[in-house]
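The values are calculated or read from the model by the stated rules, or taken from the named source; none is laboratory data. Predicted model, so just to flag it, every value in this text is computed and none were measured. Cβ placement follows ideal geometry from the backbone for every residue including glycine, while neighbour counts extend to all protein chains displayed. Surface accessibility is based on the protein's heavy atoms, side chains included, excluding ligands, DNA and RNA. Shrake-Rupley method; radii C 1.70, N 1.55, O 1.52, S 1.80 Å.
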Amino acid sequence: MPVPLRRLLAAAAILATAAAGGPALAANLKIIAPASPGGGWDQTARSMQQAMQSEKIAGSVQVENVPGAGGTIGLAQFANRAKGDPHQLIVGGYVMVGAIIMNDAPVTLDAVTPLARLTGEYEAIVVATDSPIKTIGEVIDKLKANPGSVSWGGGSAGGTDHIAAGLIAKAVGVDPTKVNYIPFSGGGESLAAVLGGQTTVGVSSYGEFDAQVKSGKLRVLAITAPERVPGIDAPTMKESGVDVEVQNWRMVAGPPGLTPEGKAEILKTIDDMAKTKTWRDTLKTKGWTDTYLAGDAFTAQLKEDIAKAHTILRDIGLAE
């Protein structure tokens, strides 16, 4: 049976694009966001979806949310179900590193194939605009007087948000183990808690609060950057007299058992995506820092970051 002309033309166009060195249309992809909708991992997965589809890097991209235990539930499911499939991905990051350590998770990042670090983002400490707390100094005063009186709403236990709260407590002379930290499985839940006054402050990557800050629902008290961040009207923790600097980062990984060809294929797809205008515009819109690092260089950096996380969590009493 003759092949329809439109199929031949489409195939020729793909081959021509590949030959020219441009992004070729990849097969359909599935990305696991191991958290509830609304948080940083969900936003990362859906931003990848948008960039890949709008720039015609992939035929279609499906995002699936698998929340729980700092991403370790989604990680275990992904590692077991996606073996050897170069068309399945999972997003993760520093939060997952901490959760694995805290939960003594049986499935670690050794069970997947690290591919690339995508973004970095500093932590913000926020309150609802109707909160009586106006400055980070007031939070510190309350923390020193009674650590339990300040409830911190953030992501999973042991993640970047929890680490930031612990480091702040330690830096001002408060026992980090006394921090009243309330973990939530997704950014949407922690956001609702701080907006509803169920927590004293919210702590998370700035991008998770950006829309509510711009709409006037949240006020940023401080940010954990080394210097003020353009577009964020808030002092740094260091500027406020608290020597704390924390940057969250997010990554994408493939399943275990990838062939060298399969790994090369998906790395090229991610690299093509990271160079698109759609992705670069997303970074600017969401206030994400481009920390792109791929392949073996990222794998080596990830090992260093895991070792550092162990040290930090021990220092603030969150790990053995």
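Within region 50-64, work out how many residues are open to solvent by less than 50 Å² (accessible area, probe 1.4 Å) and free of Cβ contacts under 8 Å to residues at least 60 places away in the same chain.
Residues in region 50-64 being open to solvent by less than 50 Å² (accessible area, probe 1.4 Å) and free of Cβ contacts under 8 Å to residues at least 60 places away in the same chain: 4 in total.
Are any of the residues in region 151-161 surrounded by fewer than 24 Cβ atoms within 10 Å (Cβ to Cβ), in the same structural domain as Lys217 (by TED's automatic domain parsing) and modelled with pLDDT of 95 or more?
Within region 151-161, one or more residues are surrounded by fewer than 24 Cβ atoms within 10 Å (Cβ to Cβ), in the same structural domain as Lys217 (by TED's automatic domain parsing) and modelled with pLDDT of 95 or more.
Which one of the conditions (1) surrounded by fewer than 16 Cβ atoms within 10 Å (Cβ to Cβ); (2) part of a helix (DSSP H, G or I) does Gly317 fail to meet, given that it meets all the rest?
Every listed condition holds for Gly317 apart from (2).
Going through region 95-107 one residue at a time, which ones are touching a residue at least 24 places away in the same chain (Cβ under 8 Å) and either open to solvent by 10 Å² or more (accessible area, probe 1.4 Å) or of a type in the set (Val, Ile, Thr) (or both)?
Val95, Val97, Ile100, Ile101, Met102, Asn103, Ala105, Pro106, Val107
So which residues in region 289-300 are in a helix (DSSP H, G or I) and open to solvent by less than 50 Å² (accessible area, probe 1.4 Å)?
Selection gives Gly295, Phe298, Thr299.
With the condition kept exactly as written, say whether any residue in region 242-259 is more than 19 Å from the chain's Cα centre (by Cα) and free of Cβ contacts under 8 Å to residues at least 24 places away in the same chain.
There is no residue in region 242-259 that is more than 19 Å from the chain's Cα centre (by Cα) and free of Cβ contacts under 8 Å to residues at least 24 places away in the same chain.
Is it the case that Thr291 is touching a Leu at 6+ places or on another chain (Cβ under 8 Å), in contact (Cβ under 8 Å) with a residue 60 or more places away in the chain and of a type in the set (S, T, N, Q)?
Considered against the rule, which asks whether it is touching a Leu at 6+ places or on another chain (Cβ under 8 Å), in contact (Cβ under 8 Å) with a residue 60 or more places away in the chain and of a type in the set (S, T, N, Q), Thr291 comes out as yes.
Keeping to region 192-209, report how many residues are touching a Leu at 6+ places or on another chain (Cβ under 9 Å) and at pLDDT 90 or above.
6
Name the residues in region 70-94 that are touching a strand residue (DSSP E or B) at 6+ places or on another chain (Cβ under 7 Å) and open to solvent by 10 Å² or more (accessible area, probe 1.4 Å), would you?
Pro86, His87, Gln88, Tyr94, listed by residue number.
Just checking, does region 174-181 include any residue being β-branched (Val, Ile, Thr) and closer than 24 Å to Asp104 by Cα?
Within region 174-181, one or more residues are β-branched (Val, Ile, Thr) and closer than 24 Å to Asp104 by Cα.
Would you kindly identify the helices (runs of 4 or more DSSP H) lying entirely within region 183-288 that contain at least 2 residues that are more than 30 Å from Arg81 (Cα to Cα) and open to solvent by 10 Å² or more (accessible area, probe 1.4 Å)?
Where helices (runs of 4 or more DSSP H) fall fully within region 183-288 and carry at least 2 residues being more than 30 Å from Arg81 (Cα to Cα) and open to solvent by 10 Å² or more (accessible area, probe 1.4 Å), they are 187-195, 210-214, 277-286.
Name the residue, out of Glu320, Glu208, that is in contact with a Lys or Arg (Cβ under 9 Å, 6 or more places away or on another chain) and within 26 Å of Val174 (Cβ to Cβ).
The unique qualifying residue is Glu320.
For His310, only one of the following conditions fails: (1) outside the structural domain of Pro147 (by TED's automatic domain parsing); (2) in contact with a helix residue (DSSP H, G or I) (Cβ under 7 Å, 6 or more places away or on another chain); (3) of a type outside the set (S, T, N, Q); (4) crowded, with 19+ Cβ neighbours inside 10 Å. What is its number?
Only one criterion in (1) outside the structural domain of Pro147 (by TED's automatic domain parsing); (2) in contact with a helix residue (DSSP H, G or I) (Cβ under 7 Å, 6 or more places away or on another chain); (3) of a type outside the set (S, T, N, Q); (4) crowded, with 19+ Cβ neighbours inside 10 Å is unmet by His310, namely (4).
For region 35-49, how many residues are open to solvent by 50 Å² or more (accessible area, probe 1.4 Å) and outside any helix (DSSP H, G or I)?
Summing the residues that are open to solvent by 50 Å² or more (accessible area, probe 1.4 Å) and outside any helix (DSSP H, G or I) in region 35-49 gives 1.
Going by the structure shown, is Tyr122 open to solvent by 40 Å² or more (accessible area, probe 1.4 Å), at pLDDT below 95 and touching a Phe, Trp or Tyr at 6+ places or on another chain (Cβ under 8 Å)?
yes
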